[in-house]
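Here is the structure we will look at, set down as C-alpha cells.
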Amino acid sequence: MAEQNTNTVNRRGFLKASAMASTAAAAFHVVPSNCLGRDGQVPPSNTVTTALVGCGRRGAAGLGCVGSHKMIAYCDVDTSHLKGEVDNKTYFTDFRRVMEKKDLDVVAISTPPHWHALVCIAAAEAGKDIFCEKPMTKFIAEGRAVANAVAKHKVMFQIGTFKRFSNSRSQGHIENHKIIKHGLLKDASDVLCFCGARNRTGQTALEEQPVPSTLDYDFWLGPAPYKPYNSARVHYSNRFYWDYEGGDLTNFGAHSVDPWQWSFAKDETSPVKARPCAPWPQHPDAVGAFSWVELTYEDGVRMVINGGKGKKKYDGPKGKSNVNKNDLDEAGRKKLAELPDPDPLVSFADAVRTRKQAGGNAESSHRVCAAMHLANIAIRVGREIQYDPEKEQIIGDEEANRLVNIPMRRPWKLPEQYLG
Amino acid sequence: MLSLQEITDLIKGFPADDYEPAQQACGKLVAAGPKTIEALILMAGSKFGDKEGVQPKYAVHALASYVCRPGAEKERQMFAETLAGQLDGDNSDDLKAFIIRQLQLCGREQEVPALAKTLKAEALKETTVQALTAIGGNAADKALSGV
C-alpha cells in the first residue's frame, strides 16, 4: 500500500502558517486574499479534493457533509458506472491506484459493504480522510481493523448516517446520555429502545447468468467467496446476501442503532448478549426475515432491533427509551447537576479542517456494526449468544465465533497489524 | 434411517416461524443417523442454483448450526464426519463447495484431512482455504502451508 501521504497535510499546514504570518510584524510574503477567506472567496485550504470509490446508485450522495469539495477521481469495477473512459487519472477501476493520487484529500466509499473495510484501510494507509457509507463493515473483526488503521494513521473518518448529531444537540438525549454514562440509575435494565429496520430478503436459488461485459465480477467479489454471477447479487440487491452485507438489519438498522448508541453512551463498548427471534433456519446464501433481536449491554440497557410490522412482537420486559432527572434519587439528581454536558460532536467538514475526530468516527461506527452483526449472528445460529466487548469474541460458541472474523478470499485479507 | 419422503416432509416447512419446530425437525434428522444425513446432502442438488435443492440446503445449513449448540459435541462429530465423507467421490464441485462452506462453520481438526484433499482441486481450493483458515489449529495450518 502507499506510504502515508504527507503532501496534503503539508499543503494545508503551509496555508495555515501563511495566514498566521500575514498578521505578524515581519511578514516576508504576500498572502493572497482567497487564502484567508476574504471577499467571500473560499480559501483553498477549505476546499478539499475528493474521490468516489463505488459510483453506483448511492454514489456521492453523502459527500455534502465534507463541505466545499472538488471531485477529482471516480472508481468503479463496473465501467458502466463511470462517466468517462478509464484513464487512471480521473476514472479508475482499481481503488489502489486512486489512493496513489498525491493531490487527493478525502475518499468517499460507496462500494458494497464487503469492500468497505479494505478500501477504508487502504485510504487510511495513504493518509486520506474517509467518508464511508453505512454499514461500515460486513463482519466484526473488520470494524476493529478499520478503527485501528484510522487511529494509527491519524486520518479523519465519518460514517454515512447522521441522526446522532441531532440527538447530541437535544437536551433530552443529552440528559439521557449523562445519566447512563455515569451509571446514575439504580437499575439500567429499565432502559429499552426499539430500533427499526426493514425486512426485505434475498432469493434462494440463483442460477448462473452471463457476466455483463462492463463488470469485472472477480474484482467486484473481491474478498467475498466465489459464487456464480447472478444480477441479484450486485448493485443494490447485494444487500440481501450474507456474503456482501447483513440485509436490512444492517442496511437500515444503522440509521437508528447509531443515534441510540450515542444516546445510551455506548460508543466504546458492545452488547454482552444477543437474543434473537426470527424464522429459522436462515438460508446459507440469502438473507431471510427476522422479527427482532434483543441486545443487552453490561449495565442492563437493552436495545431491540425490530424487523418491522407483521412480525412477532418483542417478548421482553417493558422499559423506557429516555430517562431524566425524575428517574433518579436525590443523590443522583445532585450528581447529574454537577456533570458537564458532553462535548459537541464534530462535523466531518470541521474534522477534515481542524483534525479533530468527527462525531460518526471509526470506533463508534465499529461498535454500531458490532451490535448489528451480533444480532445477525444470533439470528443465523438460531440461539442466544454471549459476547466479550473487550476481547471482541463470542463466548462459548465456536460456530458463532467463526462469524466474528470471516476468512477473506485470497489475495485479500485484513492486515494482521490492525487486528486486536 | 429415514426415507426420502420422510426427510422431505420434515424439511418442507423450513424456514419455520419458530425455532422449536425447526430444531425438533433437526433433532429427528440427527437421531436418524449418518445415512439419513447423506441422503439429505445428496438432495441439496448438484448445481449451485438448483431450485429443487433449496429446502435440503436450508436443512443441511440448519444442521450445521444445530449440532454446534453447546452440549451437542457427539452430534457435531457425526454430522461433520458425514459431511466430510461426501467430499470424496462423484459429487459435483458445486455440491462439494456447499459442503465445505458448512464445514467452515461446524468442522474441527478431525475434518482437516478430508479438506486437505480438496485443496488439490482447483475449483475447490479457495473455498477450502477459507474453511481451513476458519477451523484453525496446527493441522489446518500445516495443510495451508503448502498452498
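What are the equivalent ellipsoid semi-axes of segment A:128-186, built from the alpha-carbon gyration tensor (square roots of five times its eigenvalues), in whole angstrom, biggest first? Mind showing how you got there, number by number?
Values: eigenvalues 154, 45, 28 Å².
Semi-axes (√(5λ), whole Å): 28, 15, 12.
Explain nothing, just compute: Karplus ³J(HN,Hα) = 6.51 cos²θ - 1.76 cosθ + 1.60, θ = phi - 60°, for every residue of segment A:404-410 in order, whole Hz, x for Gly and Pro.
Using θ = phi - 60°, the values come out as 7, 9, 8, x, 8, 6, 5 Hz.
Taking H as built 1.01 Å from N, whose amide H comes closer than 5 Å to the amide H of A:LEU52, not counting residues under 5 places away?
Under 5 Å from the amide H of A:LEU52 lie the amide H atoms of A:ALA73, A:TYR74, A:CYS75, A:ALA108, each far enough along the sequence or on another chain.
Once R0 is set to 30 Å, what does the formula 1/(1 + (r/R0)^6) return for the Cβ-Cβ distance between A:LYS152 and A:ASP103, expressed as a FRET efficiency to the nearest 0.05?
Numbers: r = 23 Å, r/R0 = 0.77.
E(calc), rounded to 0.05, equals 0.85.
Could you tell me the calculated FRET efficiency between A:SER237 and B:ASN138, based on Cβ-Cβ distance and R0 = 60 angstrom, to the nearest 0.05?
On the way: r = 41 Å, r/R0 = 0.69.
Working from the Cβ atoms, E equals 0.90.
Sum -39500 (n - 2.57) across every DSSP H segment of at least 4 residues in the protein assembly as shown, then divide by the residue count to get the 222 nm mean residue ellipticity, nearest 500. Could the numbers behind the result be given before it?
Values: 22 runs with 220 residues, N = 567.
-11500 deg cm²/dmol, from helical runs alone.
Of all chymotrypsin sites (Phe, Trp or Tyr not before Pro) in segment A:218-274, which ones are in loop regions per DSSP and have a Cβ with at most 13 other Cβ atoms within 10 Å?
On the way: sites: A:PHE219, A:TRP220, A:TYR226, A:TYR229, A:TYR236, A:PHE240, A:TYR241, A:TRP242, A:TYR244, A:PHE252, A:TRP260, A:TRP262, A:PHE264; in loops: A:TYR226, A:TYR229, A:TYR236, A:TRP242, A:TYR244, A:PHE252, A:PHE264.
Hits after loop and neighbour filter: A:TYR236.
Across peptide A:274-283, what mean number of C-beta atoms from other chains lies inside 10 Å of a residue's C-beta? Could you put the intermediate results ahead of the total?
Details: counts 0, 0, 1, 3, 4, 7, 15, 19, 6, 7.
Counting Cβ atoms of other protein chains within 10 Å of each residue's Cβ and averaging gives 6.
For chain A, what are the DSSP H helices with axial Cα length of 24 Å or more and mean Kyte-Doolittle hydropathy of at least -1.0? Walk me through the intermediate numbers first.
Details: long enough: A:362-381 (27 Å, 0.53).
Membrane-span-like by this criterion, though nothing is claimed about a membrane: A:362-381.
Once you place label points 7 Å from the Cα toward the Cβ at A:ASP87 and A:PHE194, how far apart are they in nm?
Using points 7 Å along Cα→Cβ, the separation is 5.4 nm.
Starting from the eigenvalues of the Cα gyration tensor, five times each then square-rooted, give me the equivalent ellipsoid semi-axes of segment B:44-123, largest first, whole Å. Could the numbers behind the result be given before it?
Numbers: eigenvalues 81, 59, 14 Å².
The three semi-axes for segment B:44-123 are 20, 17, 8 Å.
For A:ASP315 and A:ASP216 in one chain, what is 0.36 nm times their gap in residues minus the Cα-Cα distance, to one decimal in nm?
Working: separation 99, 0.36 × 99 = 35.64 nm, distance 4.64 nm.
Gain on extension, A:ASP315 to A:ASP216, equals 31.0 nm.
Output the peptides A:274-281, A:54-61 sorted from most to least packed, where packing is the average of other Cβ atoms within 10 Å over each peptide's residues.
Numbers: A:274-281: 25.1, A:54-61: 17.1.
Per-residue mean Cβ counts within 10 Å order the peptides as A:274-281, A:54-61.
Write out the trypsin sites (Lys or Arg not before Pro) in segment A:182-265 meeting two conditions: DSSP loop, and at most 11 other Cβ atoms within 10 Å of their Cβ. Walk me through the numbers before you get to the answer.
On the way: sites: A:LYS186, A:ARG198, A:ARG200, A:ARG233, A:ARG239; in loops: A:LYS186, A:ARG198, A:ARG200.
Those satisfying the criteria are A:LYS186.
Specify the angular offset, from 0 to 90 degrees and rounded to the nearest 10, of the alpha carbon long axis of helix B:19-31 from the longest principal axis of the alpha carbons in chain B.
That works out to roughly 70 degrees.
Can you compute the modelled spin-label distance between A:THR47 and B:LEU42, with each label point 7 Å from Cα toward Cβ, in nm?
Roughly 7.1 nm, to one decimal.
Straight-line reach from B:LYS142: which lysines fall under 28 Å, measuring Cα to Cα and dropping same-chain residues less than 8 apart?
A:LYS227, A:LYS391, A:LYS413, B:LYS74, B:LYS96, B:LYS117, B:LYS120, B:LYS125
Using Cβ contacts closer than 10 Å as the measure, can you line up B:LYS142, A:LYS227, B:LYS57 from fewest to most?
Working: B:LYS142 12, A:LYS227 19, B:LYS57 27.
Fewest-to-most Cβ neighbours within 10 Å comes out as B:LYS142, A:LYS227, B:LYS57.
What's the extension gain from A:TYR226 to A:GLU330 if we count 0.36 nm per residue and subtract their Cα-Cα distance?
Values: separation 104, 0.36 × 104 = 37.44 nm, distance 6.07 nm.
So the extension gain works out to 31.4 nm.
Within segment B:1-51, list the trypsin sites (Lys or Arg not before Pro) lying in a DSSP loop whose Cβ has at most 11 other Cβ atoms in a 10 Å radius.
On the way: sites: B:LYS12, B:LYS28, B:LYS35, B:LYS47, B:LYS51; in loops: B:LYS12, B:LYS47, B:LYS51.
Passing both the DSSP loop test and the Cβ count: B:LYS12, B:LYS51.
Whole number please: convex hull volume per residue of the Cα set in the protein assembly as shown, in Å³? Intermediate values should be presented prior to the final figure.
Working: hull volume 96.3 nm³, N = 567.
Spelled out: Cα convex hull of the protein assembly as shown, divided by residues, is 170 Å³.
Here, each number is a calculation from the coordinates, and none is a lab measurement. Note that this is a predicted model, so its numbers are computed, not measured. Every residue, glycine as well, gets a Cβ built from its backbone with ideal geometry; the counts of neighbours run over all protein chains shown.
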